[in-house]
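Let me begin by presenting the structure, written as structure tokens, before commenting on it.
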Amino acid sequence: MKHYLFLNASTREPGHVGNTETLARRAAQALPAEAAQTWLALVELQLPAFVDRRHTAGSYPMPEGDAKRVLDALLDATDVVLVSPVYWFSVPSPLKLCLDQWSAWLRVPGLDFKARMAQKRLWVVATSGDRAKAQPMLDSYRLCAEFMGMEWKGALWGKGGAPDAVLADAEALAAAAGFLAVA
Ligand SMILES: Cc1cc2nc3c(=O)[nH]c(=O)nc-3n(C[C@H](O)[C@H](O)[C@H](O)COP(=O)(O)O)c2cc1C
């Protein structure tokens, strides 16, 4: 059974739904009823600062608290959907911090994080002001997928701005209906 994990990287305040989530929820509406969905707002989670211990201790303990929650959600998913606005032409900090944790999780003895993640597919839903200038962020995600051995499923982009701005992007809304629907 398919299980989609939506990792929302917007930093909108609680209760304020951003454009990227709006677009991702449109895409999720097209999923079959039997596909499970988990939505996590990274901004509501307390991930620890990442410390590079690759060339000192060389390994990391199993994460705890919210980091373990994200790890478990990733491992439970068949499909990871990064719900990511573009911040400064790049990856928003909540998601960057999360991705940095992956470097630790690669080195948790017995976890086998890379081999397990390599069974999964990676999708991106993004919004920003300018599609062309979103490309560096999208390329970063594609390269992350490649590094992890995950199947890259591509990106859905919409024109964002103030909340609900993306509802005026008819092309994005039409693309959303078919984005996750591809097998
Ligand atoms: C800190 C910050 C940096 C941003 N940087 C860019 C950018 O580099 N390029 C761009 O087109 N839009 C940029 N934006 C605009 C957002 O990408 C846009 O409003 C997006 O739709 C916000 O997503 P959300 O509504 O899901 O939170 C930035 C917004 C913020 C808050």
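Every read-out reported here was derived from the displayed coordinates using simple, explicitly stated rules and does not represent laboratory data. Here the structure is a predicted model, which is why all the values come from computation and not from measurement. Cβ: placed from backbone, ideal geometry, glycine included. Neighbour counts: every protein chain shown.
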Query raised in the report: What order do you get for 87-93, 120-126 when each peptide is scored by the mean count of other beta carbon atoms within 10 Å, highest first?
Result: 120-126, 87-93
Query - Other-chain or far-sequence residues with amide H under 5 Å of Trp152's (modelled H) - result: Leu122
Report summary line: Evaluated at 20 °C and 1.002 mPa s, the Stokes-Einstein D of the chain based on the Kirkwood radius over Cα pairs, in µm²/s, stands at 128 µm²/s
Report summary line: The answer for Trp39, listing residues at least 5 apart or on another chain whose modeled amide H is closer than 5 Å to its amide H, is Phe6
Requested in this report: Using only the Cα atoms of the stretch 15-56, construct the convex hull and provide its projected area averaged over every direction, in square nanometres to one decimal.
Outcome: 5.4 nm²
Query raised in the report: How large is ³J(HN,Hα), in whole Hz, for each residue of the stretch 48-58 in order, when computed from phi with the Karplus curve 6.51 cos²θ - 1.76 cosθ + 1.60 and θ = phi - 60°, using x for Gly and Pro?
Result: x, 4, 7, 10, 7, 10, 4, 10, 10, 4, x
Query raised in the report: In deg cm²/dmol and to the nearest 500, what is the mean residue ellipticity at 222 nm of the chain if only DSSP H runs of at least 4 residues count, each as -39500 (n - 2.57), divided by the residue total?
Result: -10500 deg cm²/dmol
Query - Cα-centre dipole for the chain with unit charges at Cβ (Lys and Arg positive, Asp and Glu negative), debye to 20 - result: 320 debye
Requested in this report: Step through the residues of the stretch 158-164 one at a time and calculate ³J(HN,Hα) from phi using the Karplus curve (6.51 cos²θ - 1.76 cosθ + 1.60, θ = phi - 60°), rounding each to whole Hz and writing x for Gly and Pro.
Outcome: x, 7, x, x, 5, x, 6
**Report entry** Packing-based ranking, highest mean first, of 158-165, 19-26 given that Cβ atoms within 10 Å are counted
**Finding:** 19-26, 158-165
Requested in this report: Read phi for every residue in the stretch 122-127 and hand back ³J(HN,Hα) as whole Hz from Karplus 6.51 cos²θ - 1.76 cosθ + 1.60, θ = phi - 60°, with x for Gly and Pro.
Outcome: 10, 10, 9, 10, 10, 9
Requested in this report: Quick one: compute the contact order of the chain, relative version, from alpha carbon pairs under 8 angstrom and 6+ residues apart, as a percent.
Outcome: 29 percent
Query raised in the report: Among Thr38, Met137, Thr22, which residue has its Cα positioned farthest towards the positive end of the charge dipole of the stretch 3-179, with +1 placed on the Cβ of Lys and Arg, -1 on the Cβ of Asp and Glu, and the dipole taken about the Cα centre?
Result: Met137
